[in-house]
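To start, the structure itself, in structure tokens.
The values are calculated or read from the model by the stated rules, or taken from the named source; none is laboratory data. No experiment lies behind these values; they were computed from the predicted model shown. All Cβ positions, glycine included, derive from the backbone under ideal geometry; neighbour counts span all protein chains shown. Side chains are part of the model used for accessible areas, which takes the heavy atoms of the whole protein and leaves out ligands, DNA and RNA. Shrake-Rupley method; radii C 1.70, N 1.55, O 1.52, S 1.80 Å.
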Amino acid sequence: MSRPPLPPFTRETAAQKARMAEDAWNSRDPVRVSLAYTEDSRWRNRSEVFQGREAIVAFLTRKWEKEQDYRLIKDLWAFDENRIAVRFQYEWRDASGQWYRSYGNEQWEFDEHGLMRRREASINDIAIAEKDRRFHWPAPGPRPADVPGLGTDPF
């Protein structure tokens, strides 16, 4: 199975790969998201470390049960050959209605077929008031084309 664009990445193809990942995560479909990763993909997400598509699906299922009304933006940070780094923000609310903005960075490594074989994510959460939310498009679903990325003022 191949998942274009394939490495080695250019600025344009790395940005395309980041946007494809953002769109998939905004679908909140764990199986769809997992198909972008190798069968034995290794993950570190915060303090959790796990491996394989089944573990990815289980992790994302738990994540989106907790993180309701999830909306995500990923921006390309850097790239080289078969690696991409992104910075991201997402907003979500918990079961009590408290909103959060989560900030972080991810480092990705791809195989020759364009599947991600390694993902490392560092993430921090900040409680926000509902009036301070920035991401308002319908969810689940992709960020509309007229909603900009993170830009130069990420906070």
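Details
- Backbone N atoms of segment 6-38 closer than 20 Å to the 7 Å Cα→Cβ label point of ILE128 belong to residues 19, 22-28.
- Local electrostatic count at PHE9 - Lys and Arg +1, Asp and Glu -1, tallied over other residues with Cβ under 10 Å: 0
- Helix-only arithmetic for the chain: the sum of -39500 (n - 2.57) across DSSP H runs with n ≥ 4, divided by the residue total, places the mean residue ellipticity at 222 nm at -7000 deg cm²/dmol.
- Mean projected area (nm²) of the alpha-carbon convex hull when segment 27-155 is viewed from all directions: 8.2 nm²
- Degrees separating the helix 11-27 axis from the principal Cα axis of the chain, which is the longest one: 50 degrees
- Percentage relative contact order, the chain, counting C-alpha pairs under 8 Å, at least six apart: 27 percent
- Percent of C-alpha pairs per 10 Å bin, segment 49-112, short to long: 18, 38, 36, 7, 1
- Close amide H pairs (under 5 Å, H built 1.01 Å from N) link LEU115 with ARG3, residues at least 5 positions away or on another chain.
- A Cβ-based charge dipole, computed about the Cα centre of the chain with Lys and Arg at +1 and Asp and Glu at -1, lands at about 160 debye.
- Accessible area per residue in Å² at 1.4 Å probe, computed on the chain: 52 Å²
- Net charge of Cβ neighbours under 12 Å - reference ARG87; Lys, Arg +1; Asp, Glu -1: -2
- Rounded tilt (10° steps) of 53-66 against the dominant C-alpha axis of the chain: 10 degrees
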